[in-house]
There are 2 protein chains.
Amino acid sequence: MKKSALAIHGGAGTILRSKMTSELENEYRHGLQTALAAGWRILDGGGTSLNAVEAAVVELENFALFNAGKGAVFTHDAKIEMDASIMDGKARNAGAVAFVKNVKNPIKLARLVMEKTEHFLLSGDGSNEFARQINVEFADDDYFFTDFRYQQLIEARREHKVKLDHTTDEPKLIEAETSEGEKTADKISASKPQLGTVGAVACDFWGNLAAATSTGGMTNKQFGRIGDTPIIGAGTYADNQTCAVSCTGHGEFFMLTAAAYDVAARMKYKKLNLIEAASETIEHLREINGEGGLIAVDSSGNIALPFNSEGMYRGFMSSGGEMTIEIYR
Amino acid sequence: MKKSALAIHGGAGTILRSKMTSELENEYRHGLQTALAAGWRILDGGGTSLNAVEAAVVELENFALFNAGKGAVFTHDAKIEMDASIMDGKARNAGAVAFVKNVKNPIKLARLVMEKTEHFLLSGDGSNEFARQINVEFADDDYFFTDFRYQQLIEARREHKVKLDHTTDEPKLIEAETSEGEKTADKISASKPQLGTVGAVACDFWGNLAAATSTGGMTNKQFGRIGDTPIIGAGTYADNQTCAVSCTGHGEFFMLTAAAYDVAARMKYKKLNLIEAASETIEHLREINGEGGLIAVDSSGNIALPFNSEGMYRGFMSSGGEMTIEIYR
């Protein structure tokens with residue numbers, strides 16, 4: 001009999017205690033707890049890790065304070081466009097969507113991509129067409145509208161920059177020049193860590209692993225930027241032979257280092273254990289100035305939750321243990 | 001003084017000698033030779049690996065027989081939508097585009113994403129908007145129209161399947177069901193190897209590495225499917241410490257195994273040399289029934305070109321060597 005384990009996250013980055021009221025902190029804790037409980041109920045009842053990570057992420061998507069599903073941030077055009085991915089470590093199958101609109105739970109759509117198509121990643125209008133054909137639950141714009149996010153967009157537009165959720169850092173700006181040498185009106189702006197992304201990893205009773213990640217992207221994002229969340233190997237990875245991983249942070253660095261797969265590669269090829277491998281991946285990110293964290297489990301039910309940022313909204317639970325929710329270091 | 005090296009590919013898969021006339025074979029060889037010469041001219045003149053892979057891929061994109069740029073296949077809606085990515089192994093920076101339309105050379109746009117933005121991957125309408133703002137060269141639909149590709153689309157539509165270029169294998173079909181249990185009219189079909197994708201990898205005089213990959217995707221593709229080509233770590237990867245890699249084949253398997261990064265991981269963590277690492281990555285693909293190949297170079301100018309398919313359009317050249325073009329095993 002194996003040890004079951006579940007870990008979840010709601011984003012990593014600069015979370016200042018000075019800006020956190022005890023009321024708000026309680027809200028975050030409640031959101032994390034609800035998601036952890038939903039996933040654990042499945043594992044504890046003998047369900048699969050795949051069902052557990054999906055259930056946990058659905059709860060995180062439904063919780064308005066995280067940047068996924070209901071709480072997703074607005075694009076430059078005041079739209080909500082979401083990315084999600086899921087991977088089954090037993091079947092080594094995966095599904096992901098990028099730029100889906102009005103889909104209540106993008107993680108469910110990602111799972112349908114995995115199960116109903118031979119593709120891994122569907123994007124844009126195509127992924128929405130697939131969502132319609134496959135008949136997932138849609139929600140109207142009002143469902144996704146949160147005043148808090150809209151104010152973030154207004155502010156970001158005023159500042160002409162891509163605003164990242166939950167961080168106090170100023171994004172660097174890179175100016176795009178036309179071939180005439182003129183500065184374009186809309187600057188292509190950058191991105192200190194991508195926060196508020198949610199994810200879950202699980203090991204079930206049979207030692208099968210699964211991982212899932214979901215995000216609303218960046219406030220005021222333009223040019224169809226895709227980050228690490230819908231990329232298998234970067235934001236999400238699962239393989240029974242090694243580990244299940246869900247990442248959160250400055251997406252481009254996780255893409256650059258194939259961070260989710262890198263944890264597995266360090267286990268397979270360097271023969272590290274889960275804790276060592278996950279720590280090394282995050283340490284390497286720090287060396288190249290990439291900020292963020294990840295959650296990971298192996299098939300023995302070990303859990304790793306390393307991050308190099310000020311905080312990471314996170315929770316975990318394993319057989320015989322207690323439900324733990326943490327925010328700061 | 002380091003040894004310079006350049007390798008290129010024009011896709012891997014089932015290339016039947018019985019269907020190849022000597023005239024057609026000469027055309028392919030000519031296309032590969034032109035691209036190889038364009039890249040080599042840069043390396044030989046003391047230019048950078050980054051300029052060399054870009055120049056080689058531009059030639060491959062301009063050559064109508066490969067499925068990239070001018071020769072790109074048609075989507076279900078008779079559109080041309082292209083993906084490309086490039087990575088600089090010295091700076092460890094990357095750029096990629098997915099679903100760009102009417103951009104004459106997507107690889108040039110990918111390089112601009114790398115150099116002018118802090119993002120790695122721009123997609124869809126957003127990437128086209130970026131292309132307009134950054135003022136790249138556009139070409140009208142007539143430029144991309146090839147009768148050969150249009151006939152492939154007509155045939156694929158008639159067969160209601162996603163047709164893959166250059167392969168004689170029948171794609172498997174997966175049927176999408178609506179929640180009412182009805183079969184959707186448009187089947188979500190699958191994908192034996194993705195062929196005709198082009199790529200280049202190079203090591204320059206200073207031992208700096210670069211990789212580039214470009215594709216038109218699948219004939220009759222729907223639902224915004226993104227394959228491995230624009231995914232850093234899957235289709236393309238470069239790091240001076242290990243290797244530069246460009247992949248071609250059944251994209252989903254290259255995404256599943258983070259194939260391009262996997263070669264680097266086997267070198268870093270397992271301490272394999274380039275040839276061993278590249279061979280193991282392709283051998284692992286074969287074990288999980290993934291068809292395709294890759295080209296790779298390291299900073300000593302070694303070249304690997306493993307593939308597990310019937311053939312791979314390829315060419316290579318290194319300091320003191322001869323220009324070599326090959327198609328079959």
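The values are calculated or read from the model by the stated rules, or taken from the named source; none is laboratory data. Source: prediction; values computed, not measured. Cβ: placed from backbone, ideal geometry, glycine included. Neighbour counts: every protein chain shown. The area values use the complete protein model at the heavy-atom level, side chains included, leaving out ligands, DNA and RNA. Shrake-Rupley method; radii C 1.70, N 1.55, O 1.52, S 1.80 Å.
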Determine which member of the set B:279, B:214 is at pLDDT 95 or above, surrounded by fewer than 24 Cβ atoms within 10 Å (Cβ to Cβ) and within 19 Å of the chain's Cα centre (by Cα).
B:279
Out of B:2, B:70, B:19, which single residue is of a type in the set (Lys, Arg) and touching a helix residue (DSSP H, G or I) at 6+ places or on another chain (Cβ under 9 Å)?
B:70
Selected residue (criterion: nearest to the other protein chains (Cβ to nearest Cβ)) from residues of the stretch A:224-263 that are out of contact with any Phe, Trp or Tyr (no Cβ under 8 Å at 6 or more places or on another chain) and of a type in the set (D, E, K, R)
A:225
List every residue pair whose Cβ atoms lie under 7 Å apart, where the two residues are 6 or more positions apart in sequence or sit on different chains, the first residue falls within the stretch A:111-132 and is within 23 Å of residue A:91 (Cα to Cα), and the second residue, located anywhere, is open to solvent by 20 Å² or more (accessible area, probe 1.4 Å) and among the β-branched types (Val, Ile, Thr).
A:112/A:136; A:116/B:174; A:117/B:174; A:118/B:174
Total residues in the stretch B:78-123, condition open to solvent by less than 20 Å² (accessible area, probe 1.4 Å), in a helix (DSSP H, G or I) and touching a helix residue (DSSP H, G or I) at 6+ places or on another chain (Cβ under 8 Å)
4
Which one is nearest to residue B:257 (Cα to Cα) among residues in the stretch B:195-223 that are in contact with a His (Cβ under 6 Å, 6 or more places away or on another chain) and within 14 Å of chain A (Cβ to nearest Cβ)?
B:222
Take the stretch A:25-46 and flag every residue that is open to solvent by 20 Å² or more (accessible area, probe 1.4 Å) and touching a residue at least 12 places away in the same chain (Cβ under 8 Å).
A:25, A:27, A:29, A:33, A:34, A:37, A:40, A:41, A:42, A:44, A:46
Scope the stretch A:282-329; condition charged (D, E, K, R), part of a loop (DSSP other than H, G, I, E, B) and surrounded by 15 or more Cβ atoms within 10 Å (Cβ to Cβ); matching residues
A:291, A:298, A:310
Counting only residues that are free of Cβ contacts under 8 Å to residues at least 24 places away in the same chain, among the aliphatic types (A, V, I, L, M) and assigned to a loop (DSSP other than H, G, I, E, B), how many does the stretch A:225-280 have?
1
Go through the stretch B:138-165 residue by residue and tally those that are in contact with a Pro (Cβ under 8 Å, 6 or more places away or on another chain) and at pLDDT 80 or above.
0
Just checking, how many residues over the stretch A:219-234 are more than 10 Å from residue A:86 (Cα to Cα) and under 9 Å from the mean Cα position of the chain (by Cα)?
1
Conditions (1) over 25 Å from residue B:91 (Cβ atoms); (2) within 16 Å of the chain's Cα centre (by Cα); number of the one not met by residue A:323
(2)
